[in-house]
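What follows is calculated from the coordinates using simple rules that are stated; it is not laboratory data. Nothing here was measured: the structure is a model prediction, and the numbers come from that model. So basically every Cβ, Gly included, is an ideal-geometry build from the backbone, and we count neighbours across all protein chains shown.
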Amino acid sequence: MNWNAAAETLRSLLARIAGHVLLFTGVLLTPSSLWFLLGGRLTPGLIAIHLWGWLCFLTGLSLIYSN
C-alpha cells in the first residue's frame, strides 16, 4: 500500500466518523427542539437550534454516504 492509498483510506475513515458524530448530534437536537417548538416556545434561539440540528443531520448523512 502506498502513501496515497493510506491517506485516502484514513481520510475516508475520518469522514465517516465525523459523519456519524454529526448525524447523532442532529438526531439529538432536532426532536428535542421540536418538542419545545410544538409546546409554543417560539424563540429565535430555539428555532436556530432546530435548524442547526437539521443541518447536522443532513451533513452527517452526506458525509457517511459520500465516502
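Scanning segment 33-44 for residues that are of a type in the set (G, A, S) and farther than 23 Å from L23 by Cβ yields a total of 2. Taking residues in segment 46-62 that are of a type in the set (V, I, T), and partners anywhere that are exposed (fewer than 14 other Cβ atoms within 10 Å of the Cβ), not one pair has Cβ atoms closer than 7 Å while being at least 6 places apart or on different chains. Just to be sure, is L28 out of contact with any Ser or Thr (no Cβ under 8 Å at 6 or more places or on another chain), part of a helix (DSSP H, G or I) and of a type in the set (A, V, I, L, M, F, W, C)? Yes; evaluated as a whole, the condition is true for this residue.
A count restricted to segment 33-52 and to residues that are loosely packed, with under 13 Cβ neighbours inside 10 Å and hydroxyl-bearing (S, T, Y) stands at 1. Of all residues in segment 9-32, exactly one satisfies the criterion of being surrounded by 13 or more Cβ atoms within 10 Å (Cβ to Cβ) and charged (D, E, K, R), namely R16. Reported count of residues in segment 55-67, each being surrounded by 14 or more Cβ atoms within 10 Å (Cβ to Cβ) and under 14 Å from the mean Cα position of the chain (by Cα), is 9.
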